[in-house]
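Only one structure is covered here, and it is reproduced in the block below.
The values are calculated or read from the model by the stated rules, or taken from the named source; none is laboratory data. Everything numeric here is computed off the predicted structure, so don't read it as measured data. Neighbour counts run over all protein chains shown; Cβ positions are idealised from the backbone, glycine included. When the accessible area is computed, the model is the full protein with side chains, heavy atoms only, and any ligands, DNA or RNA have been set aside. Shrake-Rupley method; radii C 1.70, N 1.55, O 1.52, S 1.80 Å.
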Amino acid sequence: MEIKLMPKEAWGSRLGLILAMAGNAVGLGNFLRFPVQAVQNGGGAFIIPYLICFLLLGIPLLFIEWSSGRYGGKHNNHSTPFILDGMGKGKIWKYIGVFGIFTNIAVVAYYTYIESWSFIYVFHALFGSFENMSQTQVAQFFENYISFNTSTTGIPFESIVFYVLVLILNIYILSKGLGGIEKAAKIGMPLLIIFGIILAISAFTLGESGRSAQFPDASAWDGLNFLWTPQFDSLLNPKVWLAAAGQIFFTLSVGMGTIQCYAAYIRENEDIALNAVSAGFMNEFVEVVLGSSIVIPIAAGYLGMDWVMENAGFGMAFQTMPYLFQQWGQTLAIFAGILWFGLLFFAGITSSLAMGTPWMGFMKDEFGWGKKRGAWSFGLLALIMGIPTVLFYQEGVFEEYDYWGGTVSLVLFALLESILFSWVFGIHKGWREITEGADMKVPRIYKVVIKYITPLLLLMVFIGALVTPEDNDWTASILNLWNGDPWILDNHSIIRKLSNHELKELLLEADTLVEKKEIADKLFYSNLARILLVSLFLFITSLVYLANRKRLLKSRI
């Protein structure tokens, strides 16, 4: 009996691959997280460490993940458990590769919820829902949407309905395989960049015209100057370095397993070095040039830089920007709102599509699942994990997922894969993989950077997150330690997060029964979120174990 092998799935074009890779990296963090991180870390003080971290951490990790993925693809492995297993000598590496599937499902569970906000806000902008609203009313509008207090559309449980709709859209595109993802990237990425450029030009031309009696000193130029005036003393501040390194993970989608999965479907002689650099710099253009030129300048142009520094946060995109657009007049407000929330939606969906591919690649390789079955099973897992983030958003489930699945997991996996690549697989073999088929000349200094500097930086980032000092004040804490005083951990350090130290302190300090109940509920849902995340990790680990047993049995036949 003749066995027909299924043709290997591949990218349709190099442009499609680069746009898909850029779409994977360009996400909500480029427009929501980067400006906030820049403001919270001194504006120009943040830019220099950020760019240095991009060169010493971001580019090396892109090289590592692109070359690891292509190497795995040569051996018909399209997800991190067996890509890493093929590169390492020990049995443990396949289970470390579980992070490359786990992280994507954990993140997409809440990430598509944010996408659904952008999706419905496009229609609210189109139909003028924010017209004549005050800043407080716009902020309350968002609170109503996420808390089920009232329906903003007249649809019962609207936040669940639109969350599921956006998730189904992701599943549908994923069910078309790489071709569907490539088409989405070819549409979404150019529109995202065009929308971003239009909004950035609007910010540049705003100048001081947004001043009011309440904010007489407001100026968009203050926002731009704050972000682009270098402050060289930041090079001595560990807090800024850690924040800059952390942003690299968010902005490039490294440490997730998506890049390896995408790269596993490229040709053996593909120039991965040029592809990695192209996708990386396209992402940096979107983040540094466009991401820093919209939210902060426009907010500073109407509300002043002092207000921005006090209120900068993730919620500005939905709780402040619609109000600011109304200052442009009814027609321009509709246009700006559609551009802004459309931009966020395209940034979100091009990233969330990438998150589905590691699971689908794994299930196809190990269990023979087709595109549709793989896509719908991914959607079901995302839904099971995601519904608690919708129902219990205000109780902190969203934040727990983001911290453990979208932050700690990324850093830990990137650290371990960099050690595997440089010290287990071997830097000489790794360098050959990076440079094989390369049209561009990769600077040899990166061979040293990848082997020594990148793992060291990752280790410092992980240790820094583990023992973050009180108020994230590294300089004062190091001086106190030098003087014999104890090292006091911040509540956002991994060690204190593990024990829910902050919530337990608040519970002890609460004065009323109502306050005690609210904090106790948050403590309960925090633990629930962790149980769900651990269960997901163990579930994927068990599948990897079964897949490995299948491989061993097959090899003996």
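Over region 473-534, all Cα pairs binned in 10 Å intervals from 0 give whole-percent P(r) values of 20, 36, 25, 17, 1, listed from short to long.
Apply 1/(1 + (r/R0)^6) to the Cβ-Cβ distance of residue 134 and residue 556, taking R0 = 56 Å, and write down the FRET efficiency to the nearest 0.05.
Values: r = 72 Å, r/R0 = 1.28.
In this case the efficiency is close to 0.20.
Any idea what log10 I(q)/I(0) is at q = 0.16, 0.18, 0.29 Å⁻¹ for region 329-389, Debye with uniform C-alpha scatterers and no solvent? For the requested q values the scattering log ratios are -0.65, -0.73, -1.10. In region 437-493, the alpha-carbon atoms span a convex hull of 124 Å³ per residue. Summary value for the chain: 29 percent relative contact order, contacts being C-alpha pairs under 8 angstrom separated by 6+ residues.
A Cα-only calculation for region 389-468 places Rg and Dmax at 17.4, 51 Å. Rolling a 1.4 Å probe over the protein heavy atoms of the chain, with every protein chain left in place, gives an accessible area that is 65 percent carbon and sulfur.
Note down the relative contact order for region 1-127 as a percent, whole number, built from C-alpha pairs under 8 angstrom at least six residues apart.
Details: 46 pairs, mean separation 12.5, N = 127.
Computed value for region 1-127: 10 percent relative contact order.
For region 273-331, the spread of Cα coordinates along the three principal axes comes to 45, 30, 17 Å, biggest extent given first. Taken along its principal axes, the alpha carbon cloud of region 24-164 reaches lengths of 63, 41, 23 Å, longest axis first.
For the chain, excluding the exposed loop sites themselves (GluC sites (Glu not before Pro), DSSP loop, at most 13 other Cβ atoms within 10 Å), the longest remaining stretch covers 269-557.
For the chain, would you read off the P(r) tail past 41 Å as a percentage of all alpha carbon pairs? Don't skip to the end; give the middle numbers.
On the way: 32173 of 154846 pairs.
Tail of P(r) above 41 Å: 21 percent of Cα pairs.
Computed from Cα atoms, the angle from the helix 99-126 axis to the main principal axis of the chain rounds to 40 degrees. Extension gain, residue 143 to residue 51: 0.36 nm times the residue separation minus the Cα-Cα distance gives 29.6 nm. Across the options 40, 51, 103, the greatest Cα extent toward the positive end of the charge dipole of region 15-108 (unit charges at beta carbon of Lys, Arg, Asp, Glu) belongs to 103. Taking Cβ atoms as reference points and 13 Å as the exclusive limit, the residues near residue 217 contribute a net charge of -2, counting Lys and Arg as +1 and Asp and Glu as -1. One chain, two ends: residue 161 and residue 549. Fully extended at 0.36 nm per residue, the span grows by 135.7 nm beyond their Cα-Cα distance. Over the chain, DSSP H runs of length four or greater, each weighted -39,500 (n - 2.57), average out per residue to a 222 nm ellipticity of -21500 deg cm²/dmol.
Eigenvalues of the alpha-carbon gyration tensor of region 87-209, scaled by 5 and square-rooted, set the equivalent ellipsoid semi-axes at 35, 22, 16 angstrom, largest first.
Spin-label pair residue 528-residue 309: with each label point 7 Å from Cα along the Cα-Cβ axis, the two points sit 4.0 nm from one another. Extension gain residue 439-residue 331, at 0.36 nm per residue separation less the Cα-Cα distance, in nm? Going from the current span to full extension adds 34.0 nm. At an R0 of 51 angstrom, the distance between the Cβ atoms of residue 511 and residue 198 translates into a FRET efficiency of 0.50.
May I ask for the distance between the Cα centers of region 437-476 and region 314-359, given as a whole number of Å? Centre-to-centre distance over Cα atoms comes out at 32 Å.
Give the accessible surface of region 31-123 per residue, rounded to a whole number of Å², with probe radius 1.4 Å and ligands, DNA and RNA excluded.
Values: 2010 Å² over 93 residues.
Accessible area per residue, region 31-123: 22 Å².
The separation of region 225-303 from region 92-159, counted between C-alpha centres, amounts to 23 Å. Which part of region 331-346 falls in the paramagnetic zone of residue 127, meaning amide N under 20 Å from the point 7 Å along Cα-to-beta-carbon? In region 331-346, the label zone of residue 127 (backbone N under 20 Å from the point 7 Å along Cα→Cβ) covers 331-343, 345.
Could you tell me the relative contact order of region 157-244? Use alpha-carbon pairs under 8 Å, at least six residues apart, and round to a whole percent.
Values: 26 pairs, mean separation 10.3, N = 88.
Computed value for region 157-244: 12 percent relative contact order.
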